[in-house]
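Student: Can you read through this structure? Questions will come right after.
The values are calculated or read from the model by the stated rules, or taken from the named source; none is laboratory data. This one's a predicted model, so the numbers in the text were calculated from it and none came from an experiment. A quick note on method: Cβ atoms are made from the backbone with ideal geometry, for glycine too, and the neighbour counts reach across all protein chains shown. Surface accessibility is based on the protein's heavy atoms, side chains included, excluding ligands, DNA and RNA. Shrake-Rupley method; radii C 1.70, N 1.55, O 1.52, S 1.80 Å.
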Amino acid sequence: MIEFSIIIPVYNEEENVSELHRRLGTVMERLGTYEIIFVDDGSSDKSWQIIKDLHEKDSRVKGLSFSRNFGHHIAITAGMDHAQGKAIILMDGDLQDPPEEIPKLLKKFNEGYELVYGIRKEKKDSILKRFASFVFWWFINSFSGINIPRNQTLLRIFDRKILDALNSMRERSRFIHGMIAWTGFKTAMQEVEHAPRERGKSKYNVIKLFRLAFNAITSFSTFPLRLATYIGLLSSGIGLFYSLYFIYKKLFLGIPVLGYASIIVAVLFVGGIQLLMLGIIGEYIGRVYQEVQARPIYIIKEHILD
Ligand code: UDP
Ligand code: MG
């Protein structure tokens, strides 16, 4: 059995794939038998051709190519579905996770943990990106109901037991960091370097991050639904007291009820909250709908696995 499966999602990384393969080779040669599974997430550049060429020269390189862009976390999923190794290593394909850090993770892993996270000491991203990712992690840890270590990179190593658990989770909305934390095995953290992106462009922007955070929260918790109940209870409680007060005023003090403005404010406020809550319920129903459709999570156009 192969010792390590390294899974690498790739989306338009033609400038990075060969160098990543070369640097990984240097590091992994000393560590044991391995396979590298590149998952081409519908790249429109030469990434897939480069992966095929690498396979010709090095049979440890395997590849899956999607029919279109399905997304980072789905690409990782496909890689995990095809991994043969006893231990699994995940890393990004843009060289921001340096392969040279793998031995550190492995050392920790061999101390008897089932999962070792790579935690970045220092983020080598722009200020805006760092701010967005701070808000992202805060949001997720506050509302998703699971504790996902902050500042984790994708770079990590874990046992086949975790792989089997993950592969048995077939939900369509896939937030891998959350799913891994959810499995709840014995974990450790290891500080790793994080390199700036030297070549190619980041594929995440603030909107995509927000979408991911929202997906993460709705996949792991029904707190937003409960929030509707709480807010509803609170506002109807306030409403009840307020109306009793006005009835009392009208009946016993005879003061006419004034306040067109306050009525409008109340109507708009309550209307807004109702729409928001409907939207949240809609999100969950949308999720149920997608699950019921039961489409495949990804479609593979071409693969090299032998
Ligand atoms: N990626 C992918 N599919 C996507 C977007 C990104 O497979 O739809 C890959 C990308 O090629 C890279 C990794 O996911 O290997 C991380 O993406 P990126 O570097 O753009 O994210 P960032 O590091 O900026 O958060
Ligand atoms: Mg990156």
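Student: Which of the lysines could a cross-linker span from Lys46 if the Cα-Cα distance has to be under 19 Å and same-chain partners fewer than 8 positions apart are dropped?
Tutor: The qualifying lysines are Lys57, Lys62, Lys201, Lys203, Lys301.
Student: Sticking with this one: Which of the aspartates and glutamates could be linked to Lys107 by a straight reach, that is with a Cα gap under 14 Å, when you skip same-chain ones fewer than 8 residues away?
Tutor: Asp159, Glu191
Student: For the chain, with the dipole built from +1 on Lys and Arg beta-carbon atoms and -1 on Asp and Glu ones, taken about the Cα centre, which of Gly145, Gly184, Ile255 lies farthest toward the positive end?
Tutor: Value computed over the given set: Ile255.
Student: Need the C-alpha centroid separation for region 181-227 versus region 100-146, integer Å.
Tutor: 9
Student: Between helix 47-57 and the chain, what is the angle of the helix's C-alpha long axis to the longest principal axis, kept within 0 to 90° and rounded to the nearest 10?
Tutor: Value to nearest ten degrees: 30.
Student: For region 36-42, take each phi angle, set θ = phi - 60°, evaluate the Karplus expression 6.51 cos²θ - 1.76 cosθ + 1.60, and give the result in whole Hz per residue in order, putting x for glycine and proline.
Tutor: 10, 9, 8, 10, 7, 8, x
Student: Hey, can you find the accessible area per residue of the chain for me, probe 1.4 Å, expressed in square angstrom?
Tutor: So the chain comes to 54 Å² accessible per residue, rounded to a whole number.
Student: At a 1.4 Å probe, what is the % contribution of carbon and sulfur to the accessible area of the chain?
Tutor: Its accessible area is 62 percent carbon and sulfur atoms.
Student: What number, rounded to the nearest 500 deg cm²/dmol, is the helix-based mean residue ellipticity at 222 nm of the chain, given -39500 (n - 2.57) per DSSP H run of at least four residues and division by all its residues?
Tutor: Per the formula, -16000 deg cm²/dmol.
Student: Let me ask you something else. Pick from Glu14, Glu56, Glu191 the residue whose mean-square fluctuation is largest in a GNM of the chain, springs joining Cα atoms under 10 Å.
Tutor: Answer for the Gaussian network model of the chain: Glu56.
Student: Highest GNM mean-square fluctuation, the chain, Cα pairs closer than 10 Å: which of Ile51, Ile89, Ile281?
Tutor: Of Ile51, Ile89, Ile281, the most mobile in the Gaussian network model is Ile281.
Student: Output wanted: per-residue J couplings in Hz (rounded whole) for region 231-239, from phi through Karplus 6.51 cos²θ - 1.76 cosθ + 1.60, θ = phi - 60°, x for Gly and Pro.
Tutor: In residue order, the calculated couplings are 5, x, 4, 4, 6, 6, x, 4, x Hz.
Student: Return the loop-located trypsin sites (Lys or Arg not before Pro) in region 177-272 (DSSP other than H, G, I, E, B) with at most 12 other Cβ atoms within 10 Å of their own Cβ; answer none if there are none.
Tutor: Lys186, Arg199, Lys201
Student: I would also like to ask the following. Please list the non-local residues whose amide H lies under 5 Å from the amide H of Leu95, H modeled 1.01 Å from N, same-chain partners needing a gap of 5 or more.
Tutor: none
Student: What residues have an amide H closer than 5 Å to that of Leu154, excluding those fewer than 5 places away on the same chain, when H is modeled at 1.01 Å from N in the peptide plane?
Tutor: Under 5 Å from the amide H of Leu154 lie the amide H atoms of Asp92, each far enough along the sequence or on another chain.
Student: Follow-up question, since we're still on this one. Mind listing the long-range amide H neighbours of His194? Cut-off is under 5 Å, sequence gap 5 or more, other chains count too, H placed in the peptide plane at 1.01 Å from N.
Tutor: Answer set, sorted by chain and number: Lys121, Glu122.
Student: Which ³J(HN,Hα) values, rounded to whole Hz and listed in residue order, are derived for region 148-154 from phi using the Karplus coefficients 6.51, -1.76 and 1.60 in 6.51 cos²θ - 1.76 cosθ + 1.60 with θ = phi - 60°, glycine and proline given as x?
Tutor: 10, x, 5, 6, 7, 8, 5
Student: Now a separate question. Among Gly272, Gly85, Gly71, whose mean-square fluctuation peaks in a Gaussian network model of the chain (Cα, cutoff 10 Å)?
Tutor: Maximum among the listed residues: Gly272.
Student: Would you mind putting 282-290, 134-142 in packing order, based on average other-beta-carbon counts within 10 Å, highest first?
Tutor: Numbers: 282-290: 12.1, 134-142: 15.6.
Sorting 282-290, 134-142 by mean packing, highest first, produces 134-142, 282-290.
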